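The values are calculated or read from the model by the stated rules, or taken from the named source; none is laboratory data. Keep in mind that this is a model prediction, so the values were computed, not measured. Here Cβ is always computed from backbone atoms with ideal geometry, including for glycine, and neighbour counts include all displayed protein chains. Keep in mind that these areas ignore ligands, DNA and RNA; they rest on the heavy atoms of the full protein, side chains included. Shrake-Rupley method; radii C 1.70, N 1.55, O 1.52, S 1.80 Å.
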Amino acid sequence: MRQLCAAWAAIILLGATSAVAQNVFNATLGEANQKTAEVSTQELKQIIKNGDTVLLDARPPMEYAISHIPGALNVAPQPGRPAHLYISDVAEVGRLLGGAKEKALVLYCNGPFCGKTKRLATELLGAGYTNVRRYQLGAPGWRTLSSEAMQTNLAALHYITGDKTAVWIDAREPAAYKAGTILGARNIAASGLLPGKDQGVMKQAKDDGRLPMEDHNTRIIVVGSNTKDTRAVADAIASEAFHNVSFVVEPIAQVQQALR
């Protein structure tokens with residue numbers, strides 16, 4: 001009962017008004033008088049799985065590179081705009097889509113209080129795009145509700161090294177980790193993952209200090225030898241209620257090169 005009440009409270013706080021939404025994972029912001037429809041976290045997961053929709057990150061390129069929903073794309077900004085009115089360039093969106101204005105689009109930015117998706121959606125509609133929706137819960141909503149990690153690009157690694165509280169995780173096997181890794185990285189091998197919460201290497205890493213139990217908002221970046229294992233470890237960490245987890249697709253040798 002306590003969990004049920006908590007779920008409904010979260011929906012009310014998000015402003016969800018749809019009769020279909022029965023829990024926070026099905027919730028949308030539900031703002032009145034919006035020009036484009038919203039999708040929920042659960043809907044976005046299915047959209048990504050289906051692979052027939054373009055997920056567009058409407059934030060600046062460096063913010064996208066630092067941490068974005070896996071599979072999302074990003075374009076250059078509209079020139080001449082002040083930072084507080086940032087908007088992606090509709091002409092660049094057109095080039096990305098090859099002029100296909102009927103292509104299904106889902107936009108996201110920095111959550112309920114971010115206006116970037118709304119501004120971009122309005123301009124896209126004005127330019128003749130016919131299938132535009134928004135994930136208005138944005139990057140913060142995805143981190144909280146998806147139980148999945150974000151993705152970090154190589155271009156952002158030097159920026160991230162400025163965060164001295166960040167925790168780097170190497171998802172390779174112990175022998176490979178010991179042979180050479182990123183300075184300060186901790187080892188959580190993908191082979192030690194077990195289904196469920198507080199199982200296998202996740203339980204061990206929480207108990208022995210490899211994971212930052214004092215601050216679950218700590219930035220955690222996972223690297224490894226292949227995308228499958230790296231993402232598996234990152235998603236497992238995110239499922240343990242760590243809210244700022246991302247993984248790098250490129251193998252660790254490229255990560256090391258980018259950090260030089």
Checklist entry - If a residue has to be under 21 Å from Glu102 (Cα atoms), open to solvent by less than 20 Å² (accessible area, probe 1.4 Å) and assigned to a loop (DSSP other than H, G, I, E, B) to count, how many in the stretch 36-51 make the cut? => result 2
Item to check | Answer residue from the stretch 168-185, given it is open to solvent by 30 Å² or more (accessible area, probe 1.4 Å) and closer than 16 Å to Ala232 by Cα and is farthest from the chain's Cα centre (by Cα) among those | outcome: Glu173
Checklist entry - What do you reckon, is Asp207 part of a loop (DSSP other than H, G, I, E, B) and open to solvent by 30 Å² or more (accessible area, probe 1.4 Å)? => result no
Checklist entry - Within the bounds of the stretch 222-238, is there any residue that is farther than 19 Å from Ala176 by Cα and open to solvent by 50 Å² or more (accessible area, probe 1.4 Å)? => result no
Item to check | Matching residues in the stretch 142-167 - criterion: being over 14 Å from Ser239 (Cα atoms), open to solvent by less than 50 Å² (accessible area, probe 1.4 Å) and not β-branched (Val, Ile, Thr) | outcome: Gln151, Asn153, Leu154, Ala156, Leu157, Asp163, Ala166
Item to check | Residue selected from the stretch 52-66 under the condition under 21 Å from Leu124 (Cα atoms) and outside any strand (DSSP E or B), by the criterion most open to solvent (accessible area, probe 1.4 Å) | outcome: Asp52
Item to check | Yes/no for Thr218 being touching a Gly at 6+ places or on another chain (Cβ under 9 Å), under 20 Å from Met150 (Cα atoms) and of a type in the set (Ser, Thr, Tyr) | outcome: no
Item to check | Out of Ile221, Ile237, Ile182, sole residue that is in a strand (DSSP E or B) and at pLDDT 95 or above | outcome: Ile221
Next on the checklist: Looking only at residues that are out of contact with any strand residue (DSSP E or B) (no Cβ under 6 Å at 6 or more places or on another chain) and in a loop (DSSP other than H, G, I, E, B) in the stretch 167-179, which one is farthest from Arg231 (Cα to Cα)?
Outcome noted: Glu173
Checklist entry - Considering the stretch 187-198 alone, what residues qualify as being open to solvent by 80 Å² or more (accessible area, probe 1.4 Å) and outside any helix (DSSP H, G or I)? => result Leu194, Pro195, Lys197
Checklist entry - Exactly one of (1) under 23 Å from Tyr64 (Cβ atoms); (2) outside any loop (DSSP other than H, G, I, E, B); (3) without any contact (Cβ under 8 Å) to a residue 24 or more places away in the chain is unmet by Ala253. Its number? => result (1)
Next on the checklist: I need the full set of residues from the stretch 73-127 which are over 23 Å from the mean Cα position of the chain (by Cα), assigned to a loop (DSSP other than H, G, I, E, B), of a type in the set (A, V, I, L, M) and more than 20 Å from Ile48 (Cβ to Cβ), in order please.
Outcome noted: Ala127
Checklist entry - Got at least one residue in the stretch 152-159 being outside any loop (DSSP other than H, G, I, E, B) and in contact with a Leu (Cβ under 6 Å, 6 or more places away or on another chain)? => result yes
